[in-house]
Structure formats: structure tokens, C-alpha cells
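Peer 1: There's a structure below that I have some questions on.
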Amino acid sequence: MKTRVALGVFLAAAMALPLAACNANTAATGGGESSADSGVTINYWLWDDRQAPLYQQCADDFHAANPNITVKITQTAWGQYWDTLTTQLAASNAPDTFVDHSTRMLQFIDSGQIMDITEAANKAGIDDSIYQPGLADLSKYEGKRYGLPKDWDTMGLLYDTEVAAEAGYTKEDMAALTWNPTDGGTFEQFIAKTTLDANGHNGLDPEFDKNNVVRYGYHPEWSDGAIGQNGWGELAAANGFTYGDRSVNPTKFNFGDKSLVDTVAWIKGLIDKGYAPKFDKTSSLGTDAVMNNGNAASTIAGSFTTSVYLGPDAKKKFAYAPLPTGPAGRRSAMNGLHDVVWSGTKHPEESFQWIAYMASEECQMKVGESGVIFPAVTKATEAALKAREAQGQDNSAFTTVVDNKETFPVPVFAHGDEVNALIQDAIQAIATGADPASTLQEANDKANALLK
């Protein structure tokens, strides 16, 4: 399959670095537990509710093969996940195992909060060749391994197909959209045409009432840390933006660069024109609800969201188009997640056994056959694509960016919590009216001070 080959080439080239950028049961208690039958209970945390049942099946199978080990899975939404995990880590009461993200990896390594599993992985004979080339390196740093590969993802432009058709856009038109921060290109034209006020006027109609909008052409994501993976990050990269002087452990950030300032200013301009909802409205409604309720015609979303928007429970007819092409080309973030072991666990051997099973072909094939995500194991990615094809899904928006080498790695940097908060606060301040240039420069200066 062409996608697998290209993915391998991309990761090998772009991520051949010390570390590269990418309900179950009741709430877990930290540090593992001893169960009534003198066995061990391992707590595992993740944030995606669509994945929780899949890993529960893996947990059940793992327990059947290891009767003395029970896995307790806790799923919480993205924002709450990191708030709670940070609190529990500070209180030395964290889950034994959890899903980690590239933006937190160095922070957890520096603070000694995740376990060095190099020796355990070597003894277990972990075979990196079963994964998409390069993915295993995402959780390695300075010759040590801190996690095992879980999955990978890319981004696309999610849109309501019926609304697009009514505005005169075909699938081919959507794939050919262009963008720039000056006039928005054909992407802004699409956004304007699919914005509708209460009187039936679209955003290009002289009689359009921006204060009485019933459907916005675009739904921006303002709560996305320092990466902006679900929106501003892709557009900024398409405008020439890079996060720092290097993608791994940068010594200097670029958040004050004009390429990002102009991008965020353009998104804020959509609010001013009535084409996108005001920040106070987007902060109270999740993207899933906004799109399924027909309150917006498009948004940027990842390959991990297809079960929501292309599944049987979707309330609208959606499709994913390749992201708009900007001045620097078409750009999509590419990330790889990994499972890690808390350094304070009382059961390090059993915890490693569990994450090793999750990283195995046996578990990841089960996850892949659901089609919910693209697992790290190559065969499981194939299974996921086949499952999606069988469901009539078109995933070309996510695979062609890999084939065409249009992806960029999610950066890895120190002080993840602080940098994410600084940049997100700045982006949100701009969304509510703050000056883009001075606000981002101030945040960038504070972020750079942390690195010193």
C-alpha cells in the first residue's frame, strides 16, 4: 500500500531524532492496588471515549492470560484528563499506566515521572519492525525508551456535504481549496457561502446579518495548547510557520513570528465578519455537538474522529477533504501517541506487561479492526483502513498528505504544561479581541524564558 511506504519514508526522514514530535470501569486510584484474590490491579488512563471499549477488550484478554493482573481503565475528556493527571502526579498518586502526548514527554522525563523501560523492553524482545517505520522512536530520548507505540494520526477538513453541495461545491472543489491570511483564498469564499443568517442570506450577500447567524461556515478550535493541531497549527504551517528552531527540544520558540500572527488574526477576522462563532460560544459547546447540530459547515478534524462523523450515529452527512493549500503548500500535523508507566507505580513489572500487550500485534489488530484509529502496528493500520473502506468511508484526506509528504511532526519541548498554557491563553485572548502581534510576542518571550 502506497501510504505505508510513504509513511515510513516520512517518519524515517522527519523523525529520525532522539525523540520526535507525535467505560470501562470506575475512576482509578493511583499507584496500583491489590485485589481481593491477592492479585494486582493496574490502573490505565486514556482520554478518548471511543477507544475505551476497545482497550477494555484488550484488558479482558490480558487478564485471561494473566489471571493475577486486572486492568482498571479510566477515560476522561482531553482537558480534564491532563488537569487530573497533573494533579495526581504532583500528589504521587498517579495511575500506573497512561497515554502520553509528545508535548508532555520531555516534561515527564525531566521530572522523573515516567519510567525508563529500556531494559524491560529489551528483555521482552519488543520488535520495533512491526510498527510503522519511525513510530517506535517517538518515545525514545537520549538512547533510552520511555514508552511503547500506540497510534498515529493526520488531519483533514471536515465538512457538511449537503451544505457544500447547496453552495455549489463538489468533492473536487473541496480538495482544491486554497488559503492565505490576506483574503482567505477560496477557503474563505467557501466559509462565507456556507454561513447563513436567520433570514437566509449567506456571508457574501450584502444583506447578510452577522449578528443573527444560524449556521457558521467554519468552527475554529481555540483550546488547543501550543500546537493548534485541530486548526490554527495547520493553517500557520501552510503559511510558513515553524514552532521553534528545531522540532525536538527547541532552544527558541517562534510563536511571535508574523506567519502565526497573521494566521490567528485571519481566524479572528472570521468572527468579526460573522463567519465563525464568538469565543464565548465555542468555549461552551463541543465541536462534535456544533457540527452534528448543523451549527457549522466545516472544521479541521483528525483521522481519529471518523467514527463520530462518518459512523451510523452521525446526524449529518459529512466528508473529509484535504486541508486547504496555503502560501507554503498543504500542511498537516502528524502525531504518534504512546503508552507509558508512571515511575511511582508499586507494580512496575505488571505495568510494563500491560503496556507491552497494548503495543502487541494481538491487541492492536483488535483495535484496528474497529476502524476507530490508525494503530502503530503496520498490519493493524491496514486492518483499520479496510474496516473504514468496508463502512464506505473515504480516508484519502488523511493518507494522501502522507503520500505527498505534506506532514510536519508535532514538536517536543520542555515545560509542556506551562508552554501549552501560555500559548493557549494568548490565542484565546486574541479570539476575544487582544492585539495578535503583541499578545503572541509576549507569550513567546515568556515561553523562551522557560527554556533558559
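Peer 1: From a point 7 Å beyond the Cα of D417 in the direction of its Cβ, which residues of the range 78-106 have a backbone N at a distance under 14 Å?
Peer 2: 80-95, 104-106
Peer 1: Once a ≥ b ≥ c are taken as the square roots of the eigenvalues of the Cα gyration tensor of the range 44-123, is the result rounded (a/c under 1.5), prolate (a/b larger than b/c) or oblate (a/b not larger than b/c)?
Peer 2: Oblate.
Peer 1: On to the next question. Projected area of the chain, taken from the Cα convex hull and averaged over every viewing direction, in nm²?
Peer 2: 20.4 nm²
Peer 1: Longer than 24 Å from Cα to Cα, which of K144/K446; K123/K346; K140/K386; K193/K281 are they? Say none if no pair is. Could you put the intermediate results ahead of the total?
Peer 2: Numbers: K144/K446 30 Å; K123/K346 20 Å; K140/K386 30 Å; K193/K281 21 Å.
Long pairs (Cα-Cα over 24 Å): K144/K446; K140/K386.
Peer 1: Apply the Karplus parameterisation 6.51 cos²θ - 1.76 cosθ + 1.60, with θ equal to phi minus 60°, to every residue of the range 214-220 and state each ³J(HN,Hα) to the nearest whole Hz, in sequence, with x for glycine and proline.
Peer 2: Working through the residues one at a time gives 9, 8, 8, x, 8, 10, x Hz.
Peer 1: Now for a separate question. Just to verify a number: FRET efficiency for N295 and Q57, C-beta to C-beta distance, R0 = 35 Å, to 0.05?
Peer 2: For R0 = 35 Å, the calculated efficiency reads 0.50.
Peer 1: In whole percent, how big is the carbon plus sulfur part of the accessible area of the chain, probe 1.4 Å, protein atoms only?
Peer 2: Carbon-and-sulfur percentage of accessible area, whole number: 49.
Peer 1: Please compute P(r) over all alpha-carbon pairs of the range 151-291, binned at 5 Å starting from zero, and give each bin as a whole-number percent.
Peer 2: Reading upward from the zero bin: 2, 9, 17, 21, 21, 15, 8, 4, 2, 1, 0.
Peer 1: Taking the simple approach of a point 7 Å from Cα along Cα-to-Cβ for both N93 and E162, what is their distance in nm?
Peer 2: 4.9 nm
Peer 1: Additional query: May I ask you to list the lysines whose Cα is less than 16 Å away from that of K379, ignoring any residue fewer than eight positions away on the same chain?
Peer 2: Cα-Cα hits under 16 Å: K2, K150, K366.
Peer 1: Still on this structure, I have one more. Once phi is turned into θ = phi - 60°, what whole-Hz ³J(HN,Hα) does the Karplus curve with 6.51, -1.76 and 1.60 give for every residue of the range 121-137, x standing for Gly and Pro?
Peer 2: 5, 5, 5, 7, x, 4, 9, 5, 6, 7, 8, 3, x, x, 5, 5, 6
Peer 1: In angstroms, what radius of gyration and Dmax does the range 342-430 have, counting Cα atoms only?
Peer 2: Calculated on Cα positions, Rg and Dmax stand at 18.3, 47 Å.
Peer 1: Okay, moving on. For the range 118-202, what is the largest minus smallest coordinate of the Cα atoms on each principal axis, given in angstrom and ordered from greatest to least?
Peer 2: Extents along the principal axes: 67, 28, 25 Å.
Peer 1: Then there is this: What accessible area, in Å² to the nearest ten, does a 1.4 Å probe give for H415?
Peer 2: So the heavy atoms of H415 present about 70 Å² to solvent.
Peer 1: Quick check for you: with a 1.4 Å probe and neighbouring chains kept, what is the accessible area per residue of the range 253-317, in Å²?
Peer 2: Per-residue value: 40 Å².
Peer 1: Follow-up. Explain nothing, just compute: Karplus ³J(HN,Hα) = 6.51 cos²θ - 1.76 cosθ + 1.60, θ = phi - 60°, for every residue of the range 64-76 in order, whole Hz, x for Gly and Pro.
Peer 2: 4, 7, 9, x, 7, 10, 10, 9, 10, 9, 10, 10, 9
The values are calculated or read from the model by the stated rules, or taken from the named source; none is laboratory data. Bear in mind that the values here come from a model prediction, so they are computed numbers and not experimental data. Quick reminder, even Gly has a Cβ in these numbers, built from the backbone with ideal geometry, and neighbours come from all protein chains shown. Accessible surface is based on the protein model in full, side chains and every heavy atom, while ligands, DNA and RNA are left aside. Shrake-Rupley method; radii C 1.70, N 1.55, O 1.52, S 1.80 Å.
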